[in-house]
Structure formats: structure tokens, C-alpha cells
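Laboratory data are not the source of any read-out in this text; all were calculated from the coordinates shown. If you're wondering where the values come from, they're calculated on a predicted model, not measured in any experiment. All Cβ positions, even for glycine, are placed from backbone atoms using ideal geometry, and neighbour counts span all protein chains on display.
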Amino acid sequence: MHRIRLATDADIIFLADVTLAATGAQGRLPADFDEAAWRARFAEWSRESIEDPATELYVVEVDGRRAGRLRVSRTPEFVEVNGIQLHPDVQNRGVGTAILTALQSEAARSGVPLKLNVERDNPDARRLYERLGFTKTGEDKGEDVLQWSKAAEQNRLWNADVAERYDTPGDGMFSADVLGPTVERLAELADGGRALEFAIGTGRVAVPLSEYGVPVSGIELSDAMLQQLRKKADAETIPVVAGDMATARAPGEFTLVYLVFNTISNLLTQEEQVECFRNAARHLTPGGRFVIELWVPELRRLPPGVPATVGVADPGYILLDTYDVLKQHVVSHHFHFGEGTEARLGRTPHRYIWPAELDLMAQLAGFTLESRHADWTNTEFTADSPSHVSVYRLSTA
Ligand SMILES: C[S@@+](CC[C@H](N)C(=O)[O-])C[C@H]1O[C@@H](n2cnc3c(N)ncnc32)[C@H](O)[C@@H]1O
């Protein structure tokens with residue numbers, strides 16, 4: 001277990017010790033290192049940081065003991081990690097990953113990027129940052145500047161190649177069997193008002209719903225997906241705000257907000273998923289509806305000690321889901337292949353949600369569950385249903 005707390009003057013010697021221990025263990029202290037002079041400068045600099053309102057200097061505690069140092073600056077334009085050092089005894093236990101993931105989540109909620117610098121002679125740190133999705137955006141005094149933003153991450157996941165292959169007209173999720181009932185049910189739930197689709201994508205549902213006569217707007221984070229939508233409907237017919245469905249505001253008021261095809265799980269933390277419910281509530285008129293289509297987590301298929309399931313094993317396509325049950329994360333690995341030995345791999349990370357947790361998120365944002373069915377034709381939802389369509393109603397008060 002770790003926690004971070006603001007540092008005080010009483011922590012300064014510890015902060016110097018842990019910085020030396022971490023840097024020394026990586027073999028990165030210069031041969032002519034003058035420890036006394038460095039400690040004096042470090043103490044002065046730490047005192048300035050503690051007093052500086054623009055930065056926060058933290059102590060990282062692991063299992064109740066001081067074990068690391070973290071310095072963060074926050075501006076309206078970005079969140080920046082100005083230094084993170086963990087004692088070698090607590091490294092490789094996921095503490096650094098957890099701290100950076102929490103900062104990514106904070107930056108995402110504020111709609112700003114998360115920045116940090118990495119020294120060129122620190123490959124371990126660089127590997128961690130790259131694994132967390134940071135990319136190089138520049139150089140600064142011999143260090144590389146790395147940046148992460150939710151929009152950049154989604155644009156990497158939902159890139160031009162994926163967007164071009166997304167639509168399968170008349171087939172699969174684009175078949176009349178799927179889209180017909182979806183559109184009819186959504187039109188009924190819009191109840192004569194305007195609809196807003198969170199994560200509208202290429203307009204798989206929005207285009208036929210708009211053609212059915214329901215005015216539809218959207219919010220979408222991927223430029224490439226939006227470009228595909230624009231081949232089918234212009235901005236006057238289906239206006240779309242480029243942004244994050246957990247925070248972005250689309251103009252106007254709506255009687256229906258909907259989020260289909262499991263896409264709430266693309267938000268990777270509970271906080272962002274709750275924010276998404278709150279954002280739906282902000283767009284709705286009193287008594288308006290938020291509709292979610294989501295799969296039921298398949299944990300009953302996961303025997304103890306086995307971290308992955310094979311979802312599909314068809315000729316030409318294998319779906320492998322790997323689980324992190326502590327984080328409620330599942331990564332879907334989509335392997336597409338032909339006759340030869342080459343395969344194309346696409347990965348999508350998700351945070352899975354049980355129906356009961358979804359209902360609690362709804363409750364936090366002022367909704368109550370109006371109905372839950374197994375599909376768009378109102379088939380009864382049972383213990384064996386693989387997915388559900390849940391309709392939440394905003395209170396009229
Ligand atoms: C599975 S597709 C669904 C698209 C469309 N709703 C559909 O049913 O075909 C997921 C979409 O969610 C978008 N997306 C993921 N996270 C998002 C976020 N935080 N805000 C807005 N869009 C997001 C992706 O860019 C992608 O277009």
C-alpha cells in the first residue's frame with residue numbers, strides 16, 4: 001500500500017537520502033560527486049519547493065514508511081512531474097506505475113497533458129514511461145521531454161488505419177439486425193427530444209438514428225473516427241464536439257444521452273467513469289435518460305491462476321483477453337491473420353464494470369435505473385446474459 005503526502009521541512013534529509021539511494025542504485029552518480037555540496041543545494045531547493053505555490057513536493061509512503069519523493073507542478077495548461085524517486089527496496093512493486101497512472105487520471109479529468117523529463121542515461125525510467133503511453137515531444141537541457149494526453153492516446157488507439165477498417169456496412173455491428181432494433185429503441189427513449197451520443201465514432205448508430213428523424217449530436221476524441229463520420233454526415237446534420245466524453249460539453253439540452261458498444265469501459269478508471277455519468281447528467285433535461293450498452297464481465301470463465309481467456313478462435317481471427325483483476329482491467333488482443341505465418345495485432349484496454357457498480361455510478365450522478373434488458377428488443381436480462389442495455393433516468397427534481 002502506498003500514499004503520498006505533502007513534504008515538510010522535517011522530511012528534507014529523508015528526501016535527499018532517497019534521491020541519492022535511487023540515483024546511486026542506477027549507477028548514475030558522477031565519479032567526482034561532491035555529496036556535501038549537493039546536499040546543501042538540494043536542501044535549499046527543497047525548502048523553496050515547499051514554499052512555492054506553483055509546485056507540490058510530496059513524500060511517498062509505502063506500508064506506512066517514507067520511501068520516495070515526488071514533485072509535481074500544476075498549471076491551467078498541463079500537469080508536470082518534476083521528479084519521482086523511489087527507494088530501491090520498494091521499486092518494481094508497481095508504486096511508480098500507480099503514482100503516474102493517478103496523475104494521468106488527474107490530467108485527463110482536467111483536460112490537460114501530463115509532462116515529464118527523462119535523462120538520456122535512465123533507460124529503466126524511460127521504459128516505464130513508454131509503457132504508460134508517454135511519447136517524446138522535445139528536448140530540454142540534454143533530457144528528453146515526454147508527454148501523455150488522453151486525446152493522443154485515443155488517437156493512437158483509434159488511428160486512421162483502425163478508423164478506415166471500422167465500418168462493415170450491412171455486416172456484424174453494422175447489420176440491419178443489430179442497427180434496426182437499436183435505432184428504434186433509442187428513438188423511443190428520446191421521446192421526441194434531441195439525442196447526444198458519447199463516443200460517436202464513425203456514426204454507426206448516429207447516422208441511421210438521425211435518418212430516422214431524431215436530431216443527434218456527438219462527442220468524440222479520435223480525429224480519424226470523426227473524419228470517417230464526416231464522409232457520411234456533415235456538421236450541420238450531426239454536430240460533434242471533439243473532446244472527452246467524461247468532461248466535454250456539447251451545446252444544447254437533450255432528452256437522451258447514449259453510450260453504446262461497451263465504450264464506457266474505454267475510460268480506464270472508476271473516477272473517469274463516474275465523471276462520464278455526471279457529464280451525461282449535465283447534458284440532460286430533468287427526467288432525461290442515459291442509456292448504456294455494456295458487456296457483463298466474463299470472470300466466471302477465468303479459472304484461478306489463469307490470467308487470460310480466448311473469446312473467439314475463428315479462421316483468420318483470434319480474440320485473447322488478458323485480465324488484471326485488481327485494477328478491473330482487461331486488454332483485448334485482436335489477432336487477424338491469413339494463410340501465412342504473419343498476423344496483425346490490435347489491442348484495446350478496458351476497465352470492466354459489473355452492473356451493480358454501474359448502478360451505483362448512476363446513483364452518484366442523480367440517476368435511477370429505469371430498465372435493464374439483455375438487448376435492444378427488451379429480452380429479459382438474466383444471470384446468463386452476456387451483455388445489457390441499461391436505461392437510467394435523471395431525477396425530475
Ligand atoms: C467501439 S467505438 C464505438 C463507436 C460508436 N459509438 C459505435 O457504436 O460504433 C469506441 C469509440 O470511442 C471513442 N472514445 C474512446 N474514449 C473516448 C473518450 N474518453 N471520449 C470520447 N470518445 C472516446 C473512440 O475514439 C472510438 O471512436
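Key figures
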read-out	value
Filtered GluC sites (Glu not before Pro), segment 1-77: DSSP coil and at most 15 other beta carbons within 10 Å	GLU77
In Hz, Karplus ³J(HN,Hα) per residue of segment 188-205 (6.51, -1.76, 1.60; θ = phi - 60°; x = Gly, Pro)	4, 6, 5, 6, x, x, 8, 10, 10, 9, 6, 6, 5, x, 8, x, 3, 9
Dipole magnitude of the chain, debye to nearest 20 (Cβ charges: Lys/Arg +1, Asp/Glu -1, about Cα centre)	360
Protection proxy ranking of 18-25, 191-198 - average other beta-carbon atoms within 10 Å, highest first	191-198, 18-25
Per-residue ³J(HN,Hα) for segment 380-390, Karplus 6.51 cos²θ - 1.76 cosθ + 1.60, θ = phi - 60°, Hz, x for Gly and Pro	4, 7, 10, 4, 9, 5, x, 8, 8, 10, 10
In segment 1-72, chymotrypsin sites (Phe, Trp or Tyr not before Pro) in a DSSP loop with at most 14 other beta-carbon atoms within 10 Å	PHE33
Cα long-axis angle, helix 35-51 against the chain (0 to 90 degrees, to the nearest 10)	40
Listed peptides 309-317, 288-296, 212-220 by packing density, highest first (mean Cβ within 10 Å)	288-296, 212-220, 309-317
Mean projection area, nm², convex hull over Cα of segment 246-358	9.2
TRP45-LYS231 pseudo-label distance in nm [points 7 Å out on the Cα-to-Cβ vector]	5.2
Farthest toward positive dipole pole in the chain [+1 Lys/Arg, -1 Asp/Glu at C-beta], among PHE367, ALA199, HIS336	PHE367
Estimated 222 nm signal from helices in the chain, with DSSP H stretches of n ≥ 4 weighted -39500 (n - 2.57), rounded to 500	-9500 deg cm²/dmol
SER217 long-range amide H proximity, modeled H, under 5 Å	ALA195, LEU196, GLU197
Cα coordinate range in segment 124-175, projected on the principal axes (Å, largest first)	55, 19, 15
Given LYS150/LYS327; LYS231/LYS327; LYS115/LYS231; LYS150/LYS231, the pairs whose alpha carbons are separated by over 27 Å	LYS231/LYS327; LYS115/LYS231
Relative compactness, segment 2-148, computed as alpha-carbon Rg over 2.2 N^0.38 Å	1.01
Helix axis angle, 270-283 relative to the chain longest principal axis, alpha carbon, degrees	50
Hull volume in cubic angstrom per residue (convex hull over the Cα atoms of the chain)	185
Folded to 0 to 90 degrees: helix 95-110 orientation relative to the chain principal axis, Cα	50
Charge dipole of the chain about the Cα centre (unit charges at C-beta), most positive-ward option of GLY218, SER105, ALA356	ALA356
